[in-house]
Structure formats: structure tokens, C-alpha cells
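Engineer: Next up is a structure, given as C-alpha cells.
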Amino acid sequence: MYAFDYHRPDSLTAARDLFANAEDPMYLSGGMTLIPSMKQRLAAPSDLIDLSAVAELRGIERVQGPAGDSIRVGALSCHNEVAKHALIQQHLPVLAQVAGAIGDNQVRNRGTLGGSVANSDPAADLPAALLALQATVHTQDRQISGDSFFLDLFETALAADDIVVAIDFAIPRRATYQKFRHPASGYAVVGVLVAEHANGIRVGVTGAGPCAFRACALEDALSESFTEAAVDGVDVPDAGFNSDVHASAEYRAHLVKVLSKRAVAKLSA
Amino acid sequence: MKLTMTVNGQVQDLDVPANTLLVNLLRDKLGLTGTHVGCDTSQCGACTVHLDGRAVKSCAVLAVQAQGAEVVTIEGIGSTDALHPMQDAFRECHALQCGFCTPGMIMQAIDLVQQGSSLEPESIRQGLEGNLCRCTGYQNIVAAVAKGGAVLRADGSQSAPQTAANTDRVEG
């Protein structure tokens, strides 16, 4: 790992001041991707700005968000905290399900909501939840709709110096996350989150493309008929999908439909 | 960088470069070589220690991130004369072959029990996903965690399932 200067500010303002005055800085949250990347010298920031002491990034509460009745989750909440939090288990169990499916116990103890979504790993679980649960991402000075947050491979609508403060997730009528888990890494080969809201069905897909996306054709079909047959009738093209040693693009497209059907079956049971 | 942390109950005042990993601080600076480095790519879990009460891979944590924190390693939970109940269960169940993964397995297992995880074999297997045993001796490890967990729960000292009240813990 290359040398760097380490800072641990205790406020958003101080964190952004440090960022503005450093040569090639990066924010550090849980570090579950960043630190291994730095060890491999794939990342070499001049300054590491550790956000863990910024109190504004903590807390889990029920709020009226832009998309209605929601749970607001502070960016520093670790995955195990999200998975086990009473408010989330009671009102938004699907988010607990997603967080509990991430990586392994040590990663869930340390990795954070804000860090995961800011990283926009194509195989991360939480991005599917942002899309299917009509999320709103709060930064230090603006709100970004979950729908326009993920742009490409490891690329989001965040500017380099933006800090994710909290994310609102709308409480759906019913929802489930179905994941085809890579057995070694725990990442999603494909993950599909199907949610029924008062204003329609949402299908968030992760793992399949360069970044998470909404499967609009599936949403339309399921809005018309919430059945496995409706999923069968949709064509999911594999153009632009990820293809690697673990799964071809064609196989991933197939998995999108299989997992969507499993979700429908589960929600219909 | 100067930092202060509590390791196995002892306050340590240290001065290390910012790019020092917690595992290297523990092993090289403090001589706590019970914490192992198996892969150094945060896959194997042999380096698992408790940071403020939670299992973390110390090869994926910077020493400076543990400023002000409480760190517990395998050396801090029991002694050869008085084994921790989880260590005792690993011995009783012969849950180790070469023993390299054992410290990480035990630290992980204690965290799972403290978090209120189920002690059913399938839950234990899921809970141990972050720890690899290359001797593949999982059968006895799962049995040991069930046994050690039951002893800890019977003691009552580590039985509280996690609730909203105790999830406010600071985890970066």
C-alpha cells in the first residue's frame, strides 16, 4: 500500500474542507472495497478522509420522504446494523434481507450503506434496493433520485467531493430480494428486487449490467398481471450485460427472469 | 501517526505509519501472533479480531481506524489454564486440523453468538462464510460452534440477541 495522509474529521464541513485542500483525496467509510484496492495498489489516494466520526451520517428513522412513508438510513450504518435494526425489520424487512445477504459477517460488521452505493460495484446488492424502493440519496447539499443515481461501472451521479449523508427507502406494500449468489465472493451474479408500491411495481436488477437498473419491461408486465407467466412473456435482451468466467451475458439475462419469477412466486404465496 | 487503543484490556500508545494494517500492528508491533494472515486479500478470515466487540478482518482495517477503539484478539479471550468456552468446545470437538484458521474461526464464532445468531448447523455454516478452513474440517467446526455457543448462552453472559438499543454501535 502506498503512503497517504490520514484524517478523521468530525463534521461534514470539516470533511469537505479537507477534501478541497488535498491533492488526490478519497473518502473512507467502511473500507471493505477501498482498503483491499489500496493494498493491491489499484487505488492510491494522497489523502484518506475517514468519515466514521461524522455524526451527521448516523441514525435510522421513519420519515415522510419524497416518495412517501419511508425509512431514512444514515450512510454510516453498517450492513449488520441495517439487517438487524428493529425499525427496518418491522417496516422494511426487504432491506434487512438485502443487507443480510451482503458478503460475510465481518464485511457486514464493517461495510456501510453509503460506501456501498457510492462505489456502485456492478455486483453489489444494495443498488437493486435503491431502484426498487424509490430511494432518494441525500448528500451534503442536494437530493438525488435513486433512479438517476447509478450511471455506469463504478460510476454514480455523485461528484468527487460529494458525501452520501443518508438514503430514504419508500416502504412498499410487499417486496422480496432474490439473489443468485456467487459461492466464493458472496456478490450477486444477478440479484432482482421486486417491490409493489401504491403507485406500481418496481423491479431493480443488479449484477447483470455495468450498474444496477430498473427492468421496465418486467415492471410493465407485472403491473398488468402479477404472475410468473407474465415474466415468461417478457424478452430480456442481454445486450450490454456483463460476461465473465462465472456467467455469460446470455446466462445473466436468463437469471433475471428466473429470479423475477421466484420473487413473484414468493410474494404470491 | 500517534494513536491510542485498548488491546486485550491494555491501553497501548503507539506510533505507526498511516498505511499500517491493524493485523500488522497486532503481529509485528505488539507480538500478538495468534492473529494469522492467511490470504492478505480479505477472503479467508484467519485475521479476524474483535473491534469494539464485532468480528472484523484485521487485514482490511487500518490501524489508525482503530484509534480509541477496543481490540480483542485470540490471546485476549482465555489462557492455556483457563480456556474460553469457545476454545474449549473447539478442543472437545477436535475442530482443528492444522489450526491455522482456528483463531479467526473462534473470534467469528463468539461474535455470532453475541449477535444472537441461531445455533442450528445451517445458520452456523452461513455465519462462518467469511472464514475458510483449507483442511476442510468444517463438520467439527460447526459442531464446536454449536457446543461453545450453547455453553455461552447457558452462562447467560452472551445471550442477548441484538436489538435496536444495542445496534447504535459505531462501525465505520
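Engineer: B:Thr163: within 14 Å of chain A (Cβ to nearest Cβ), surrounded by 19 or more Cβ atoms within 10 Å (Cβ to Cβ) and modelled with pLDDT under 95, yes or no?
Structural biologist: no
Engineer: In region B:44-73, how many residues are more than 10 Å from chain A (Cβ to nearest Cβ) and more than 17 Å from B:Met5 (Cβ to Cβ)?
Structural biologist: Matching residues across region B:44-73 total 2.
Engineer: Out of region A:219-266, which residues are buried (at least 17 other Cβ atoms within 10 Å of the Cβ) and touching a Ser or Thr at 6+ places or on another chain (Cβ under 6 Å)?
Structural biologist: Residues satisfying the conditions are A:Val231, A:Ala249, A:Ala263.
Engineer: Further, regarding this structure: Could you please let me know if A:Ser243 is out of contact with any strand residue (DSSP E or B) (no Cβ under 8 Å at 6 or more places or on another chain), under 29 Å from A:Asp104 (Cα atoms), modelled with pLDDT of 95 or more and not acidic (Asp, Glu)?
Structural biologist: Yes: the conditions hold for A:Ser243.
Engineer: Would you pick out the residues in region A:187-200 that are buried (at least 24 other Cβ atoms within 10 Å of the Cβ) and farther than 22 Å from A:Glu155 by Cα?
Structural biologist: A:Val194, A:Ala195
Engineer: Looking at A:Ala184 and the list (1) surrounded by fewer than 17 Cβ atoms within 10 Å (Cβ to Cβ); (2) closer than 16 Å to A:Leu131 by Cβ, which single condition is not satisfied?
Structural biologist: (2)
Engineer: Report the residue count in region B:131-145 for those that are closer than 11 Å to B:Ala109 by Cα and in a loop (DSSP other than H, G, I, E, B).
Structural biologist: 1
Engineer: Of everything in region A:170-187, what is hydrophobic (A, V, I, L, M, F, W, C) and touching a helix residue (DSSP H, G or I) at 6+ places or on another chain (Cβ under 6 Å)? Give them in sequence order.
Structural biologist: Passing the criteria: A:Ile171, A:Ala175, A:Phe180.
Engineer: Among (1) free of Cβ contacts under 8 Å to residues at least 60 places away in the same chain; (2) closer than 23 Å to B:Ala144 by Cβ; (3) within 11 Å of chain A (Cβ to nearest Cβ), which single condition is B:Thr20 missing?
Structural biologist: With (1) free of Cβ contacts under 8 Å to residues at least 60 places away in the same chain; (2) closer than 23 Å to B:Ala144 by Cβ; (3) within 11 Å of chain A (Cβ to nearest Cβ) applied to B:Thr20, the lone miss is (2).
Engineer: State yes or no: is A:Val94 modelled with pLDDT of 95 or more, farther than 19 Å from B:Asp52 by Cα and β-branched (Val, Ile, Thr)?
Structural biologist: yes
Engineer: Just give me the residues in region B:25-84 being closer than 17 Å to A:Gly31 by Cβ and among the charged types (D, E, K, R), in sequence order.
Structural biologist: Those that are closer than 17 Å to A:Gly31 by Cβ and among the charged types (D, E, K, R): B:Asp40, B:Asp52, B:Arg54, B:Lys57.
Engineer: Collect the residues in region A:10-59 that are free of Cβ contacts under 8 Å to residues at least 24 places away in the same chain, within 13 Å of another protein chain (Cβ to nearest Cβ) and surrounded by fewer than 15 Cβ atoms within 10 Å (Cβ to Cβ), keeping them in residue-number order.
Structural biologist: Within region A:10-59, A:Gln40, A:Leu42 qualify.
Engineer: Go through region B:117-130 and report how many residues are exposed (fewer than 15 other Cβ atoms within 10 Å of the Cβ) and part of a loop (DSSP other than H, G, I, E, B).
Structural biologist: Adding up the residues that qualify gives 2.
Engineer: State all residues of region B:49-108 that are hydrophobic (A, V, I, L, M, F, W, C), under 14 Å from the mean Cα position of the chain (by Cα) and under 22 Å from A:Tyr6 (Cα atoms); if no residue qualifies, say none.
Structural biologist: Passing the criteria: B:Leu51, B:Val56, B:Cys59, B:Ala60, B:Val61, B:Val71.
Engineer: When A:Leu113 is evaluated against the numbered criteria (1) within 14 Å of another protein chain (Cβ to nearest Cβ); (2) in contact with a strand residue (DSSP E or B) (Cβ under 8 Å, 6 or more places away or on another chain); (3) within 23 Å of B:Ser123 (Cα to Cα), which criterion, by number, is the only one it fails?
Structural biologist: (3)
Engineer: Going through region A:145-187 one residue at a time, which ones are hydrophobic (A, V, I, L, M, F, W, C), without any contact (Cβ under 8 Å) to a residue 60 or more places away in the chain and not in a loop (DSSP other than H, G, I, E, B)?
Structural biologist: Scanning region A:145-187 gives no hits.
Engineer: Here's another thing I want to ask about it. Considering each of B:Leu119, B:Leu132 in turn, give the residue that is away from chain A (no Cβ under 14 Å) and within 27 Å of A:Arg181 (Cα to Cα).
Structural biologist: Checking each option against the conditions leaves just B:Leu119.
Results for (1) in a strand (DSSP E or B); (2) of a type in the set (A, V, I, L, M, F, W, C); (3) in contact with a Phe, Trp or Tyr (Cβ under 8 Å, 6 or more places away or on another chain), shown as yes or no for each residue.
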position	(1), (2), (3)
A:Leu18	no, yes, no
A:Arg41	no, no, yes
A:Glu56	no, no, no
A:Ser70	yes, no, yes
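The values are calculated or read from the model by the stated rules, or taken from the named source; none is laboratory data. Keep in mind the model is a prediction, meaning the values are calculated, not measured. Methodologically, a virtual Cβ is constructed for each residue, glycine included, from the backbone with ideal geometry; neighbour enumeration extends over all protein chains shown.
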